[in-house]
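Take a look at the structure set out below.
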Amino acid sequence: MFTGLVETVGRIAEIRNEPPGRRFQIEASSICEGVQIGDSIAINGCCLTVIEINGSVLGFEAGSETLSRTNLGQLGQDSPVNLERSLAVGDRLGGHYVTGHVDSLATLKERREDPPWAHLFFSVPENLASQIASKGSVAVDGVSLTVVDAGKDFFSVALIPHTLDQTTLGRLAVGDCVNLETDVLAKYVQRSMESMRPEAPSPQFSKPEAPN
């Protein structure tokens, strides 16, 4: 479990193809202290397990499912990534509950500069749009954000200078893909509402008449 408060922007030092997945070596000097093998770290909002520690470089493995459903499969050497260690019991929750399970990719379709702020508009699959509400929470590349506007296939956010400077979101350009995780509470609300819908009646079949 995470909060969506990015601790640092790391750098991909090396990518190794290890079919059917890949191994990522990530330079993460400022968060390495105390990290152990088996710990969970959110990389652009995607929860991965630390499998190797070499000084300030942490090693992770990502399978084919992760590579195809997140933007980790699009990253190359030296790509910047948002990093956050998992939430410890008793820590302050400054963002919102983020599971690190990416729902889908979203695409930046418009960026409006309002220096030193920026307003970003993302297209989103319609099946997830009902889980995103104005003034609600959403995680974009692991960053906890408050939704400004939400439509049937898009949402927008307003980024403060700190977020633009201290996360990868400040580098986004139109057409870039980001990892999207909707609020876990919205998922359960939607599921509960779906379960309360009346079920369609079962089709009735007439019994065939016996032959004469």
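Residues are listed down the side, and each one gets a yes or a no for (1) small (Gly, Ala, Ser); (2) over 27 Å from Leu67 (Cα atoms); (3) not in a strand (DSSP E or B):
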| residue | (1), (2), (3) |
| --- | --- |
| Ile132 | no, no, yes |
| Val148 | no, yes, no |
| Ser156 | yes, no, no |
| Glu181 | no, no, no |
| Ala186 | yes, no, yes |
| Glu194 | no, yes, yes |
| Pro198 | no, yes, yes |
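Return yes when Val148 is hydrophobic (A, V, I, L, M, F, W, C), at pLDDT 95 or above and in contact with a Gly (Cβ under 8 Å, 6 or more places away or on another chain) and no when it is not. For Val148, the condition - hydrophobic (A, V, I, L, M, F, W, C), at pLDDT 95 or above and in contact with a Gly (Cβ under 8 Å, 6 or more places away or on another chain) - is not met. Scanning segment 108-132 for residues that are among the small types (Gly, Ala, Ser), open to solvent by 30 Å² or more (accessible area, probe 1.4 Å) and modelled with pLDDT under 95 yields a total of 1. All but one of (1) at pLDDT 95 or above; (2) open to solvent by 60 Å² or more (accessible area, probe 1.4 Å) hold for Ile12; which doesn't? Of (1) at pLDDT 95 or above; (2) open to solvent by 60 Å² or more (accessible area, probe 1.4 Å), only one is false for Ile12: (2).
May I ask you to list the residues in segment 173-190 that are of a type outside the set (Val, Ile, Thr) and open to solvent by 20 Å² or more (accessible area, probe 1.4 Å)?
Within segment 173-190, the first condition is being of a type outside the set (Val, Ile, Thr), and the residues that meet it are 173, 175-177, 179-181, 183, 185-188, 190.
Matches in segment 173-190: Ala173, Gly175, Asp176, Cys177, Asp183, Leu185, Ala186, Lys187, Tyr188, Gln190.
Say we look at segment 48-107 and pick out the residues that are surrounded by fewer than 17 Cβ atoms within 10 Å (Cβ to Cβ) and in contact with a Cys (Cβ under 6 Å, 6 or more places away or on another chain); which of these is farthest from Leu164 (Cα to Cα)? Looking at residues that are surrounded by fewer than 17 Cβ atoms within 10 Å (Cβ to Cβ) and in contact with a Cys (Cβ under 6 Å, 6 or more places away or on another chain), I get Ser56. For segment 117-169, which residues satisfy the criterion of being in contact with a Phe, Trp or Tyr (Cβ under 8 Å, 6 or more places away or on another chain) and at positive phi? Gly142 - this is the single residue of segment 117-169 that is in contact with a Phe, Trp or Tyr (Cβ under 8 Å, 6 or more places away or on another chain) and at positive phi.
Here Asp165 meets each of (1) touching a helix residue (DSSP H, G or I) at 6+ places or on another chain (Cβ under 7 Å); (2) modelled with pLDDT of 95 or more with one exception, condition (1).
The values are calculated or read from the model by the stated rules, or taken from the named source; none is laboratory data. In this text the structure is predicted, and so the values were computed from the model without any measurement. In this analysis, Cβ positions are derived from the backbone assuming ideal geometry, glycine residues included, and neighbour counts consider all displayed protein chains. These accessible areas exclude ligands, DNA and RNA; they are computed on the full protein's heavy atoms, side chains included. Shrake-Rupley method; radii C 1.70, N 1.55, O 1.52, S 1.80 Å.
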